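Below you'll find the structure, written out as structure tokens, and then a few comments.
The values are calculated or read from the model by the stated rules, or taken from the named source; none is laboratory data. Remember, predicted model here, so these are calculated numbers, not experimental data. Virtual Cβ from ideal backbone geometry, glycine too; neighbours counted across all protein chains shown.
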Amino acid sequence: MGLIGQIVSYREGLGDPARLVGEFRRTSLLVPLTTTDVDSDAERPFVAAGGLMSAVSGGIRWLYAFTDEEALARFVHARGEGGHEWPYLTMLGARLLDAVVPMSDRPTGVAVDVADGDGAMLFPPVAGIVADAFAVDVDPGADGGRGAVA
């Protein structure tokens, strides 16, 4: 079915959360890079200088990821940044969750196709999506450190 199909199915109330996360982990996503200086963050607060493009909302860092170049282009245009290109990496969703999220300075999730309204999906930093050590809904001190829902 693919990630887009899983997102649609989930949004229609027919999807399986485990299948959705599994498909996300298997999908190659376009992850925009930044090329800005630290000084320009005031002008473009959704850009983390020198790294992967992200936004911070409610204490959560949201990494932007896109299913294809068209979805990335819609995001660029929605931000009024259509005058220049953004470089990107192609990365499996699993790599984002297993390697990038643990390197972040705060709880981190992934926002997929954020300019696509009903086609967008957030993968928050919760148990079952990110490792328990980085999940905001796991109390590391409870249950002998094995992880209990807080």
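Results, tabulated for the structure shown:
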quantity: Single residue of D118, D98, D105, D132 found to be touching a residue at least 12 places away in the same chain (Cβ under 8 Å), over 20 Å from L3 (Cα atoms) and surrounded by fewer than 16 Cβ atoms within 10 Å (Cβ to Cβ); calculated: D105
quantity: Region 57-78, residues that are free of Cβ contacts under 8 Å to residues at least 40 places away in the same chain and either in contact with a helix residue (DSSP H, G or I) (Cβ under 8 Å, 6 or more places away or on another chain) or surrounded by fewer than 15 Cβ atoms within 10 Å (Cβ to Cβ) (or both); calculated: S57, G58, D68, E69, E70, H77, A78
quantity: Residues being among the basic types (K, R) and either more than 15 Å from the chain's Cα centre (by Cα) or over 21 Å from W62 (Cβ atoms) (or both) - total across region 1-25; calculated: 2
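Quick grid of which residues meet (1) at pLDDT 90 or above; (2) in contact with a Lys or Arg (Cβ under 6 Å, 6 or more places away or on another chain); (3) among the acidic types (D, E):
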position: M53; (1), (2), (3): yes, no, no
position: V56; (1), (2), (3): yes, no, no
position: E69; (1), (2), (3): yes, no, yes
position: L72; (1), (2), (3): yes, no, no
position: L89; (1), (2), (3): yes, no, no
position: V100; (1), (2), (3): yes, no, no
position: A115; (1), (2), (3): yes, yes, no
